[in-house]
Amino acid sequence: MSNKIDLTLNINGQDHAVSVEPRKTLVDAIREDCALTGTHIGCEHGVCGACTVIVGGEAVRSCLMFAVQAQGKPIRTVEGLASGKTLHPLQRSFMAHHGLQCGFCTPGFLMLAVNTLEKNPAIGDEELLDVLSSNLCRCTGYQNIILAVKAAREDMRTKEEAVAG
Amino acid sequence: MKPPPFQYHDPKTLAEAVGLLGTLDNAKLLAGGQSLMPMLNMRFVLPDHVIDLNLVEGMAGIKETDGVLEIGAMTRQRELEFSDLVAAKCPLLHQALMHVGHRQTRNRGTIGGSLCHLDPAAELVTVCMAHDATIAVAGPGGTREIAFADFPAGYLTPAIELNEIVTAIRIPVWPAGHKAAFIEFSRRHGDFAIVSAAALLQIDGGRITRASLTIGGVAVAPVRATEVEQAIVGQAPTSELFAKVCESCRSFEAMADIHASAEYRQHLAVVLARRALEKAADLADNAPWNRAH
Amino acid sequence: MNARMLIGQPVHRAEDSRFLKGAGRFVDDLAREGMLHAVVLRSAVAHGRIRGIDATAARAMPGVHAVITAADISAALGNVPVIPLRLANLPEFKGYLQPVVAGDKVRYVGEPIAVVVAETQCIAEDALDKIAVDIERLPALPDRHAAAADASLLFEAAGSNRAVRYEAKFGDADAVFAKAEYTRKEKFRCHRLTGLPLETRGQIAEWDKDKKRLTVFGATKVLFFNRRTLAPMLGITEADIDMIEVDVGGGFGVKGEFYPEDFLIPFVARTVGRPVKWIEDRREHLVATNHSREVDCELEIACRRDGTILAMRGHITADMGAYIRTNGGVVPAKAAQFLPGPYRIRDVGLTVEAFVTSKTPVGTLRAPGRFEANFFRERLLDIVAADLGLDVMDFRRKNLIQETELPFATGKLVPYEPETDFDTGDYHVTFERAVAEIGWDQNKALNGKLVDGRYRGLAAVPFVESGGSGKENSRLVIEKDGTVSVYVGSSVLGQGLETTLAQVAADTLKLPFEAIKILHGSTTYLKEGFGTFASRSMVVGGCAVMDGCNNLLAAIRVAARERLGFPNEEIEIADGVVAAGGKRAGLTEFAGLEVEGSFSTTTRTYSYGAHACHVAVDPRTGHVDILDYVAIEDVGVAINPHIVHGQAIGALVQGLGGVFLDQIMYDRDAQMLNASLADYLVPLATDFANVRAITMELRRSKTNPLGAKGAGEGGMVAVAATIANAVAAALKPLGVEVCDLPLSPARLWGLVNGASLARKS
């Protein structure tokens, strides 16, 4: 039954041809078959959010999808966030506001937050908190994560207005 | 914690899916995966075949026809959450969705998947019970409809055959201007409720003319508080009335688990029933449970 | 020390850049050539005798390389090694140590029985399902009461389920109690929980057949101790083992101790001759990694009627789980030691008992014993204040140690530690700050009042907390580009040491931050290191780095004179330039220069502070909302205020989880009931938004040249005490007392309901 399936995963704009068993979860394929280890595994039952990536424009837990289901959909992971040496505003904001300690939950939070702010740069504080409550952090107590995302929201909004103006 | 081996099938049409389900042994349907995937990863379920419904055409969508909201089983919870039609026609569903897991899980989770998993405290199950929804299923012999009251056959067990697929949910809409309130008590935001309450009220001329009150999380499936519904129809909505009649919810048969004893659940049923009715009838005071959502 | 530039500054963390880009290197991110994967078969039975293990079918599966059991280990080594104690090394514990794999008996659900090694983790798990284990069930011991009955013995040879009973005293409490005008005794209970780092445990072990050397990736916390433990088990020397620390996703006390897998994975790697990776899954983590905190206390206090505390007697009883693990004994010992707290109590009598039960063994968890002890004592103080008609804050003020009384002798309350004194501080300043921050004077009238359907309650409690002693080493090397590599024995589990230690080094060497590189933990860096625990790494690691820096400056001066012919006068070293009497040289000219440093102290530092909070309790559901919470701590010197604040808030929220959410539950068969994150609840972003932390730098520690005190646990120590007192104050009109944790809504509703039933009857 270990019949493997050949498929192509498009991650951060790059195609990865992989051959995986159907039972392979998306997070395992990203980490093992595409060698992108920035996406982490924290629980494998959809509670912690450490494996959050963006698939087809939506933030999802990649431990709750099979790799085969992501075929044909653009996938974004933490490795695609910075452009070259320039950090994404969210990455900069996490650094400036001490939004990470051990760094294990960080890629999941970044992908969740970037997806949220891209969809709605004007998202309100309460809704933002609601969205961020889907991921676990054991180090920071969340305060600085929330602060960092809010600051990045202002930053990204200002930039948009500057572009529009 | 890796899933057991299985064969993967990705039918493109409902007929194909029904055909596969009817012929394969020990097959499991995969919808949004937010409940099935953890069970697969933990090897609590060991299917030989997984039939993925995500590529089946025509199984998602929201429309209203003749006062009935019809929702395709594969409609993502997120689509429902952001649907103007749902917000306008079925405010109870709209409110309840905010409590279904987290936005991130709603991005994948489907309404059909949630109903078939049938967790006793699942918000969407409670809403369907409150609204007297019907469930459309397709099987080798054709299609049929199941009244939601008959849908739960037991704990985590829907009353559908092994070879049937839930295709749509039909929710009869209440008249414009009706009142709805969904509240729940859970350990944390996004957790399954320990107890939830869904209230629908039609108020005309200062009197309640129609009422629906459903309590989720207490028993293996949500229960309609028919005694309360009957007692408040024809009455003016007041906190005193609700406080008095909701005491009857204490007699519901209740489950016990690690988070709550049966007695605590029965007590919460009384408290939340009253709070839901008060909120629906705009009697809610400034207490914090009345502010959010 | 010269003028500081970086110490005290909120410098951005050096480690952040790689984590933010997904370029961190956690152990599961590593892959070695030819690597295989291991999974561990664990007991599903709490207590039983193993009659047989049949792994024939598993071994026959394609892709399976080995299935290793106790029999295989015995055959190879002549015995099954047991895990030694690292801390709380009491002789009584010797008969209760854990073998690295179950041989004749299993004693908790989750105990390792076999290891499967296969091409992939999937195959290993498939094979694991095919192993048949025949276990004769013996009576489970689900709690210490069942254990105390000794009806069924976990360790027949030991003859009792009570692993230890000892007494510790200071003064003569019994004599004071005999003639006291007021005494009060209460029973309290703290529940079982765990640290739950987001990254589970894991490692890769690699055996080099030719060189007969072992490399272990993923080791952390106390790598040198773990190497010293592992080497004789495998029959090799310490020098044959390299323990490599990579990025670690949180520890909180539970990660990095020597666990069964720390032997099993190296053993199987040597057996199969290929690198082997083992990553604990989350369900395993909840039954295999140390639990903590399950301690009961009977606490008794003697006072004058004016509120002067005279003496305290405490009886701590701990549920240790099935084995005494490396540091398990610390939990009850510290729970006893910290019972008197920051108060002037001259006569103290303590009894400590520890029982083995058929549950996962315990170990330390952030603020071990302190979280528990402060809860026990501060609850009793509020009960006493009510008895005597005293204002709860005045009662504390009256007994809180004054600065003029420091150092304050606390005697020898821990049998395996020397006598210690509280060192420096003004406990009143932090306490009054907490009282003021929470608005006690304005808000105290709200205590017990219903506002919008919820009862309000406030509390403020002081604490004192020990940390930071022992030894640490460093080694510094000037690199070719003139930067300095600083190797240190301290271990990094997310607390930002690559930044704070670089701040210390940069200031001491008068170099820019970027010119320092901190390399930590691994046994390849130093001859000996001591690791990270008990908030010690800035105190001893920081001072070891500082010592190394001073040695490097001295070595540079010597080299400048001897090698570069510098004049025999004061040599200035700053910004990478060495100068004297018109002669100058860059640090690059000293490339290759290498020195060692170290720091050692047997005296602990005592950081202290106070917590205060304001809560609202919904009596109909038992839910508690935190309206305001403030944690105050004097850390002596905050090397990086950003990081210290982050530690405080993080510890605080983790502590609040321990009060309201985190709880490990077992049934009567000692089966864990909530071994998933769906049922083991930890705080979310939405749970505790209204928390504040204030770091103070009032009194430097005199035990170390940095003046630093431990800062990793102060946010945790007084959380249960503060919340429980506030909740009790809120519910006082209902006539209930809060004596048991956690304060789950079900428990609080149970208290409210019980009181209302009592009133009705």
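Details
- When C:Ala724, C:Ala708, C:Ala729, C:Ala720 are screened for being crowded, with 20+ Cβ neighbours inside 10 Å, touching a Lys or Arg at 6+ places or on another chain (Cβ under 6 Å) and either farther than 23 Å from C:Thr364 by Cβ or of a type in the set (A, V, I, L, M, F, W, C) (or both), only C:Ala724 passes.
- For segment B:140-195, filtered to residues that are among the acidic types (Asp, Glu) and part of a loop (DSSP other than H, G, I, E, B), the residue that is farthest from B:Gly112 (Cα to Cα) is B:Asp191.
- Among the residues making up segment C:349-361, those that are part of a strand (DSSP E or B) and either touching a helix residue (DSSP H, G or I) at 6+ places or on another chain (Cβ under 6 Å) or among the basic types (Lys, Arg) (or both) are C:Gly349, C:Leu350, C:Val352, C:Ala354, C:Phe355.
- If only residues of segment B:244-265 that are over 20 Å from B:Val228 (Cβ atoms) and either surrounded by fewer than 21 Cβ atoms within 10 Å (Cβ to Cβ) or among the polar types (S, T, N, Q) (or both) are counted, the one that is farthest from the other protein chains (Cβ to nearest Cβ) is B:Met255.
- Only strands (runs of 3 or more DSSP E) whose full extent lies in segment C:523-618 are considered here, and the ones with at least 2 residues that are farther than 30 Å from C:Tyr343 by Cα are C:572-574, C:577-580, C:583-586, C:594-601.
- Residues that are of a type in the set (Val, Ile, Thr) and in a loop (DSSP other than H, G, I, E, B), drawn from segment C:45-57: C:Val45
- Among the residues of segment C:472-520, those identified as within 14 Å of chain A (Cβ to nearest Cβ), part of a loop (DSSP other than H, G, I, E, B) and in contact with a strand residue (DSSP E or B) (Cβ under 8 Å, 6 or more places away or on another chain) are C:Ser491, C:Val492.
- Within segment C:630-646, none of the residues are under 20 Å from C:Ala729 (Cβ atoms), within 10 Å of another protein chain (Cβ to nearest Cβ) and touching a residue at least 24 places away in the same chain (Cβ under 8 Å).
- Single match in C:Leu20, C:Leu41 (criterion: in contact with a Leu (Cβ under 7 Å, 6 or more places away or on another chain) and within 21 Å of C:Trp278 (Cα to Cα)): C:Leu41
- Any hit, segment C:658-666, residues being surrounded by fewer than 19 Cβ atoms within 10 Å (Cβ to Cβ) and either more than 14 Å from chain A (Cβ to nearest Cβ) or touching a strand residue (DSSP E or B) at 6+ places or on another chain (Cβ under 6 Å) (or both): yes
- Residue in segment A:96-112 that is farther than 22 Å from B:Arg103 by Cα, facing chain C (nearest Cβ under 10 Å), in a helix (DSSP H, G or I) and at pLDDT 95 or above present: yes
- Listed here are the helices (runs of 4 or more DSSP H) enclosed by segment B:54-118 that have at least 2 residues being over 15 Å from B:Thr167 (Cα atoms) and more than 14 Å from every other protein chain (Cβ to nearest Cβ): B:84-89, B:91-97.
- Qualifying residue in segment A:32-39 (condition: modelled with pLDDT of 95 or more, part of a loop (DSSP other than H, G, I, E, B) and of a type in the set (Ser, Thr, Tyr)): yes
- The conditions of being in contact with a helix residue (DSSP H, G or I) (Cβ under 8 Å, 6 or more places away or on another chain) and of a type outside the set (A, V, I, L, M) are not met by C:Arg49.
- Annotation note: Cβ proximity below 6 Å between a residue of segment C:446-464 that is free of Cβ contacts under 8 Å to residues at least 12 places away in the same chain and over 18 Å from C:Asn374 (Cα atoms) and a residue that is in a strand (DSSP E or B) and of a type in the set (D, E, K, R) (sequence gap 6+ or interchain) occurs for C:Lys449/C:Arg456.
- From the list B:Leu92, B:Leu80, the one residue that fits, being modelled with pLDDT of 95 or more, of a type outside the set (Val, Ile, Thr) and closer than 17 Å to B:Gly32 by Cβ, is B:Leu80.
- All conditions but one from (1) within 14 Å of another protein chain (Cβ to nearest Cβ); (2) surrounded by fewer than 24 Cβ atoms within 10 Å (Cβ to Cβ) apply to C:Glu245; the one that does not is (2).
- Note on segment B:4-19: residues that are in contact with a strand residue (DSSP E or B) (Cβ under 7 Å, 6 or more places away or on another chain) and not acidic (Asp, Glu) total 8.
- Qualifying residue in segment C:714-731 (condition: among the aliphatic types (A, V, I, L, M), touching a Ser or Thr at 6+ places or on another chain (Cβ under 8 Å) and part of a helix (DSSP H, G or I)): no
- Of all residues making up segment C:58-67, the number that are among the aliphatic types (A, V, I, L, M) and either part of a loop (DSSP other than H, G, I, E, B) or under 29 Å from the mean Cα position of the chain (by Cα) (or both): 2
- Of all residues in segment B:150-164, one or more are under 25 Å from B:Glu64 (Cα atoms), out of contact with any helix residue (DSSP H, G or I) (no Cβ under 6 Å at 6 or more places or on another chain) and loosely packed, with under 15 Cβ neighbours inside 10 Å.
- Selection from segment A:66-83 of residues that are more than 11 Å from chain C (Cβ to nearest Cβ) and out of contact with any Gly (no Cβ under 6 Å at 6 or more places or on another chain): A:Phe66, A:Ala67, A:Val68, A:Gln69, A:Ala70, A:Gln71, A:Gly72, A:Pro74, A:Ile75, A:Arg76, A:Ser83
- Residues satisfying the stated conditions in segment C:11-44, i.e. more than 8 Å from chain A (Cβ to nearest Cβ), in a loop (DSSP other than H, G, I, E, B) and over 23 Å from A:Asn12 (Cβ atoms): C:Val11, C:Ala14, C:Arg32, C:Glu33, C:Gly34, C:Met35, C:Ser43, C:Ala44
- Only residues that are over 15 Å from B:Asn107 (Cβ atoms), free of Cβ contacts under 8 Å to residues at least 40 places away in the same chain and part of a helix (DSSP H, G or I) were counted in segment A:128-165, giving 14.
- Boolean, C:Lys187 is surrounded by fewer than 21 Cβ atoms within 10 Å (Cβ to Cβ), touching a Gly at 6+ places or on another chain (Cβ under 8 Å) and away from chain A (no Cβ under 14 Å): no
- Of residues in segment C:685-697 being surrounded by fewer than 23 Cβ atoms within 10 Å (Cβ to Cβ) and part of a loop (DSSP other than H, G, I, E, B), the one nearest to the other protein chains (Cβ to nearest Cβ): C:Thr686
- For segment B:112-134, taking the residues that are in contact with a Ser or Thr (Cβ under 6 Å, 6 or more places away or on another chain) and under 9 Å from B:Pro222 (Cβ atoms), the one that is surrounded by the fewest Cβ atoms within 10 Å (Cβ to Cβ) is identified as B:Met129.
The values are calculated or read from the model by the stated rules, or taken from the named source; none is laboratory data. Because the structure is a prediction, the values reported are computed rather than measured. Quick reminder, even Gly has a Cβ in these numbers, built from the backbone with ideal geometry, and neighbours come from all protein chains shown.
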